[in-house]
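Written out below as structure tokens is the structure these notes cover.
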Amino acid sequence: MKIACWSGPRNISTALMRSWSSRQDTFVSDEPFYAYYLKKSRKKHPMYREIIRSYPNSFIDVLNSISTTIPQSKNIWYQKHMAHHLFDLEKLNWIENFHNCILLRDPKSVISSYTVKNKLDHILELGFLQQYKIITYLQNKDIDFVVIDSKKLIENPEKILRKWCLKIGIEFDNNMLSWDNKIYSTDGIWAKHWYDSVVQTNRFIKSNDKNKKVINEMHKNIYFECQKYYKRMISLSL
């Protein structure tokens with residue numbers, strides 16, 4: 001079984017990858033399209049040259065790398081994907097070979113967090129439109145998928161993970177509720193730059209951020225557009 005979990009930035013996607021990596025029957029992959037995204041977008045993220053050199057960086061090469069036999073003779077291959085790493089949304093037929101999951105966080109939280117350290121120019125940088133396109137494609141093909149509300153997952157991890165496992169026909173594993181707080185060999189080499197917070201945790205943790213989330217005037221149009229897609233998707237969540 002291969003699972004493709006599609007998230008956007010500033011979500012709990014890495015913690016969720018940790019959760020799945022805690023299963024003895026599961027191999028995990030960390031953002032397979034990242035090098036391809038950096039090369040095509042020409043974004044100069046930290047370590048971008050090293051990342052592009054170290055991983056498959058063409059669309060075909062990435063597809064080939066994630067479509068092989070499941071590594072280490074595991075039964076499940078969980079792949080953490082960033083929806084905004086996709087460019088050609090008219091070529092999604094390959095996702096039919098995966099159990100697809102959409103991981104959502106509310107746009108106000110995403111934007112207020114993202115813009116602390118990043119410049120935001122377009123909705124495509126946040127993944128909501130790409131996630132919606134993935135859902136639409138799967139619905140048109142009458143293929144089942146799962147939508148996860150990250151807020152519900154953090155509030156009751158066992159309940160949501162049990163529902164997810166049941167939906168895709170596998171046994172829930174209690175090991176999914178905790179993990180070792182360290183860098184993993186399956187992490188991308190960018191972990192040392194981006195994963196400081198998750199490395200310090202060993203379970204899903206509720207945010208202590210009680211600050212009011214404010215959307216800057218220059219981002220309001222992006223927020224309203226994201227909210228439009230978010231509302232359509234979140235209604236489908238477990």
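The values are calculated or read from the model by the stated rules, or taken from the named source; none is laboratory data. Because the structure is predicted, anything quoted here is derived from the model rather than measured. Heads up, the Cβs are rebuilt from the backbone with ideal geometry, glycines too, and the neighbour counts pull from every protein chain shown.
Here Ser67 fulfils each of the conditions (1) crowded, with 16+ Cβ neighbours inside 10 Å; (2) within 16 Å of Pro32 (Cβ to Cβ); (3) of a type in the set (Ser, Thr, Tyr) apart from (1). Of the residues examined, Val110 is one that is within 17 Å of the chain's Cα centre (by Cα) and over 21 Å from Gly188 (Cα atoms). Filtered by the rule that a residue be within 29 Å of Lys108 (Cα to Cα) and either at pLDDT below 95 or in a helix (DSSP H, G or I) (or both), the stretch 168-180 gives Met176, Leu177. The set of residues from the stretch 204-213 being under 30 Å from Leu177 (Cβ atoms) and either at pLDDT below 95 or exposed (fewer than 13 other Cβ atoms within 10 Å of the Cβ) (or both) comprises Ile205, Lys206, Ser207, Asn208, Asp209, Lys210, Asn211, Lys213.
Can you give me the number of residues within the stretch 1-28 that are in contact with a Lys or Arg (Cβ under 8 Å, 6 or more places away or on another chain), more than 22 Å from Ile234 (Cα to Cα), of a type outside the set (Asp, Glu) and surrounded by fewer than 21 Cβ atoms within 10 Å (Cβ to Cβ)? Final tally of qualifying residues: 1. Residues that are under 21 Å from Gln131 (Cα atoms) and of a type outside the set (A, V, I, L, M, F, W, C) within the stretch 59-81 comprise Ser67, Tyr78, Gln79, Lys80, His81, listed in sequence order. Of the numbered criteria (1) exposed (fewer than 15 other Cβ atoms within 10 Å of the Cβ); (2) over 21 Å from Glu96 (Cα atoms); (3) free of Cβ contacts under 8 Å to residues at least 60 places away in the same chain, the one Ile143 fails is (2). Tallying residues that are small (Gly, Ala, Ser) and assigned to a loop (DSSP other than H, G, I, E, B) within the stretch 181-202 yields 2. Determine if the stretch 134-146 includes at least one residue that is touching a Gly at 6+ places or on another chain (Cβ under 9 Å) and hydrophobic (A, V, I, L, M, F, W, C). No, the stretch 134-146 contains no residue that is touching a Gly at 6+ places or on another chain (Cβ under 9 Å) and hydrophobic (A, V, I, L, M, F, W, C). Annotation for the stretch 218-231: at least one member residue is in contact with a strand residue (DSSP E or B) (Cβ under 9 Å, 6 or more places away or on another chain), farther than 18 Å from Lys80 by Cβ, at pLDDT 95 or above and not in a loop (DSSP other than H, G, I, E, B).
The set of residues from the stretch 43-93 being among the β-branched types (Val, Ile, Thr) and touching a residue at least 12 places away in the same chain (Cβ under 8 Å) comprises Ile51, Ile52, Val62, Ile66, Ile70, Ile76. Screening Gly8 against (1) within 12 Å of Ala83 (Cα to Cα); (2) without any contact (Cβ under 8 Å) to a residue 12 or more places away in the chain leaves a single unmet condition, (2).
Listed here are the residues, each with its yes/no results for (1) surrounded by 12 or more Cβ atoms within 10 Å (Cβ to Cβ); (2) in contact with a helix residue (DSSP H, G or I) (Cβ under 8 Å, 6 or more places away or on another chain).
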{"residue": "Phe172", "(1), (2)": "yes, yes"}
{"residue": "Ser178", "(1), (2)": "yes, no"}
{"residue": "Gly188", "(1), (2)": "yes, yes"}
{"residue": "Ser197", "(1), (2)": "no, no"}
{"residue": "Ile215", "(1), (2)": "yes, yes"}
{"residue": "Arg232", "(1), (2)": "yes, yes"}
